[in-house]
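Before any comments, here is the structure.
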Amino acid sequence: MPLRRLAIVSLAVIAALTASPVPPTAALAQSPNPCVAALAAEGATAMRTPPFRAPKYGRFGADTRDIRDLLQLSAVSSQARSRATSTGARPAADRDDNNIAILEDNGGDLILRANPFDLANTGLRFEPAGAGYAVTITGAEFRAALGRTLTLGDDDSVAQTIAFPFEFYGRRFTSLFVNSDGNLTFEEGDNASTARGLARLASGAPRIAPFFADLDPSAGGRVFFDSAPDAITITWCAVPGFGLPQAMTVQSVLFANGAIEFRFGVPDLTNGIVALSPGRTETVTALDLRTGGQVTEPVAFGELFTASPSLDLVAATRRFYQSHPDNFEQLVFWTDTTVVTTAFAFESTVKNAITGTGLEVFDFSAELGSGGSLESVINMDRISKYPDTPAAKIFGEISALGILAHETGHRWLARLLFRNADRSISDQLLGRQLAHWSFFMDSDGSVMEGNEIEDLGGGAFRTAAATEKYSRLDLYAMGLATDAEVPRWFFIDAPISDRTRESGPFVGSTITGTRRDVLIQDVIDALGPRAPAAADSPRLHRQAFVFVRLATAVLNPQDLTRLARIREEFGPFFSRATENRMTVRTTLAP
């Protein structure tokens, strides 16, 4: 879906961000529910030792983010801070040190507190109210009739007929889709593997989400569907998170009068969204569901639960601009505490005016406090997880400098489509998140993944030594090479391998398949020529390094030393990686 300007509304990560979490109920023993018996009857149990699952987003996790999710998360934290009882002024502790901007968090204004799941052994009832719904706490006892088992895999969806016209946000539906990821949708299923975030919740199909998270019914538990004349009941019984031993037990009941109820067991999973959405909207309102309330407008609303802190990139960027000029294309954030749990690091593009590279044209720079210069933000997470020597390899194949080059490259890469032999548009060049090169593409050892692949002849191939550079195809998308400078390359069609196209680079993997050559003209035929062309594209990329630290923590001098080394060595590394076609400037002043 094309990115559109976000209508930001006040949200709340609820009082847990600014006050003590709601204490658990006195008895957390799960309310009687039929899941245990139903699982036993089918010879299934709640999974506790997960089967081997290749990481869905590779070893570096989901390292691209929709800027709309960051904006909505920031709006969530902003309203939560406005509800805080303490209004003490922030100490003037921000400063610059060795061309690194240091920002200090003050009570959660930059580093957001966790919002633990507090609905265990609880029920919620949603009653139509105006154009929206009123929410109240109700009993947690599960409906006994679970019905039949639905066969759902990971990131899967199955259509079901409703026994009565069900009215949802003023519209009537006679069918729905049960999605493996703890939610129901109308009009279309949702089997995407993208992040289960607020933007996807709001902008997708009309949705009922008792617990929107990356659940995997193929690994354990069961999903049940029961249809009665007065109610439809859908139950996720002990369904684990993808690749995790933790599971969720939750039930959703849709009544003929338009009311909706959620019943929660005592889950192990704590990261998810409990919400309703009319679909196709850009606004989300958050409630503290445990205290109830109502939203009478036809907007998405609910609560985002997270067990770990995160960095408010929007608030941190705005703080940076309070004391620094608006003359950077990219801000690179580092922290002294863990703020990323689903990736090693990630990038979010803020503004794009380039066409012909597969990325939509949009501009959210003003929302982050920039007058138009800012194009991208990067969250590199905790600096102490990187080695003292920036060029030292991590995971055996890439260095801290290579990881930074990878995240920097996401400003332009990698989303190229092409027209294949039958002239239809194909995404076979792409791998995980459709934002990296496929494992089976000969990417010349690009930092944007793929591999350098040796063609051994006879349909046999082997991945060769990984390198840390941008390929000529990368340079074309970055505006640093003309189309004439991009040589023919290939990908392996119908590969036979122990890897998938989403796998990260791996040296020494053998593959059999069919070689398919690709020309840059095939990309141009699919997406149009890159504009601006190489002759009109910048050759200077301006980055600012920003270190966000907890004011309550003791500053570790080694953190700044390690960060200074990365900053000083990244410039020469980036120049080499781009064949000296682009310079990165990492100083805070010109």
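The values are calculated or read from the model by the stated rules, or taken from the named source; none is laboratory data. In this text the structure is predicted, and so the values were computed from the model without any measurement. Virtual Cβ from ideal backbone geometry, glycine too; neighbours counted across all protein chains shown.
Scanning region 486-511 for residues that are surrounded by 18 or more Cβ atoms within 10 Å (Cβ to Cβ) and touching a helix residue (DSSP H, G or I) at 6+ places or on another chain (Cβ under 7 Å) yields Val486, Trp489, Glu502. Here the condition is being among the acidic types (Asp, Glu), on the phi > 0 side of the Ramachandran plot and surrounded by fewer than 24 Cβ atoms within 10 Å (Cβ to Cβ); of Asp483, Asp455, Asp427, Asp444, it holds for Asp444 alone. Quick check: is even one residue across region 558-567 under 19 Å from Gly409 (Cβ atoms) and either assigned to a strand (DSSP E or B) or not assigned by TED's automatic domain parsing to the domain that holds Ser446 (or both)? Within region 558-567, one or more residues are under 19 Å from Gly409 (Cβ atoms) and either assigned to a strand (DSSP E or B) or not assigned by TED's automatic domain parsing to the domain that holds Ser446 (or both). Restricting Val361, Val377 to those that are without any contact (Cβ under 8 Å) to a residue 12 or more places away in the chain, closer than 23 Å to Ala435 by Cβ and either in contact with a helix residue (DSSP H, G or I) (Cβ under 6 Å, 6 or more places away or on another chain) or surrounded by fewer than 16 Cβ atoms within 10 Å (Cβ to Cβ) (or both) reduces the list to Val361. For region 433-471, a residue qualifies if it is under 16 Å from Arg411 (Cα atoms) and either among the β-branched types (Val, Ile, Thr) or outside any loop (DSSP other than H, G, I, E, B) (or both), and the qualifying residues are Gln433, Leu434, Trp437, Ser446, Val447, Glu449, Lys469. Only a single criterion out of (1) under 18 Å from the mean Cα position of the chain (by Cα); (2) of a type outside the set (Phe, Trp, Tyr); (3) modelled with pLDDT of 95 or more; (4) surrounded by fewer than 22 Cβ atoms within 10 Å (Cβ to Cβ) is not satisfied by His406, namely (4). Filter the strands (runs of 3 or more DSSP E) completely within region 265-318 down to those with at least 3 residues that are over 25 Å from Val239 (Cβ atoms) and touching a residue at least 12 places away in the same chain (Cβ under 8 Å). Filter on region 265-318 gives 293-295.
Across region 533-542, the number of residues qualifying as in a loop (DSSP other than H, G, I, E, B) and surrounded by fewer than 14 Cβ atoms within 10 Å (Cβ to Cβ) comes to 3.
Condition check ((1) surrounded by fewer than 24 Cβ atoms within 10 Å (Cβ to Cβ); (2) under 12 Å from Leu184 (Cβ atoms)) across all residues:
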{"residue": "Arg207", "(1), (2)": "no, yes"}
{"residue": "Leu215", "(1), (2)": "no, no"}
{"residue": "Phe225", "(1), (2)": "yes, yes"}
{"residue": "Ala228", "(1), (2)": "yes, no"}
{"residue": "Pro245", "(1), (2)": "yes, no"}
{"residue": "Met248", "(1), (2)": "no, no"}
{"residue": "Ser252", "(1), (2)": "yes, yes"}
{"residue": "Gly258", "(1), (2)": "yes, no"}
